[in-house]
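Scroll down for the structure; my scribbles are underneath it.
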Amino acid sequence: MQAYRWLTFLVVGLLVCIGCEESGQDPQRTTASVEDRLLFLSLVNARSRTPIADGPAFRRAAEALAKSEPTVLERLRLTSVDEAFTSPRDGQAFGLRFNVKPGTPGMDENVVAFESTSEGGQRFVAFSSAHVVAVDETKFQELIKE
C-alpha cells in the first residue's frame, strides 16, 4: 500500500510538471514531439493499477487516462490518443511492452515503449518511471533484453 501511495504521488507530481511552462520549450510548437508521445504512454502505464496485458488493453488505458485527465493531451500537444501511439520521426507505431510494473526512478526502471527504428543512431525509449531518453542501439538492446 505504501508503494502505491508513493507511485500516486510521483505520477501526480509528473502531471503537475507537465503543466509547468519549461523555459526551453518552444511556445510556437503545435505538434507533439516524440518525447511528448512516449511520456504519455509511460504515464498510461504508471497510472494503470494493474500491469497492462496487451495492445488493446494499453489503448483502453490510454483512453481512460485522456478522459479522466483531459488536460494531459493538451499539455503534451497531442490531438488524440491515437496520435500518441505513432512516432513523428518515422511514422511507425511505437513498440510497446506489456505487463510492466511501474518503476522507481533510478532503481527498478523498465522499458514501457520505444521507437521501432533509430534515427541518427538514436532511438527514444520510455521507462516505467515516467521518463523518456534517447539511447544508442547498444544501450537499447541492453534495455530490452529479458
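The values are calculated or read from the model by the stated rules, or taken from the named source; none is laboratory data. Note that the coordinates shown come from a computational prediction; the quantities given were computed from them, not determined experimentally. Cβ atoms come from the backbone with ideal geometry, glycine included; neighbour counts cover every protein chain shown.
Given the residues Glu109, Glu115, which is the only one that is touching a residue at least 60 places away in the same chain (Cβ under 8 Å) and under 15 Å from the mean Cα position of the chain (by Cα)?
Glu115 is the lone residue from the list that is touching a residue at least 60 places away in the same chain (Cβ under 8 Å) and under 15 Å from the mean Cα position of the chain (by Cα).
For the structure I just gave you, tell me whether Phe58 is crowded, with 16+ Cβ neighbours inside 10 Å and within 14 Å of Glu35 (Cα to Cα).
No.
Of all residues in segment 75-91 being surrounded by 12 or more Cβ atoms within 10 Å (Cβ to Cβ) and among the acidic types (Asp, Glu), which is farthest from the chain's Cα centre (by Cα)?
Across segment 75-91, the extreme among qualifying residues is Asp90.
Restricting the search to segment 93-146, which residues are at pLDDT 95 or above and exposed (fewer than 12 other Cβ atoms within 10 Å of the Cβ)?
Once the filter is applied, which keeps residues that are at pLDDT 95 or above and exposed (fewer than 12 other Cβ atoms within 10 Å of the Cβ), segment 93-146 yields nothing.
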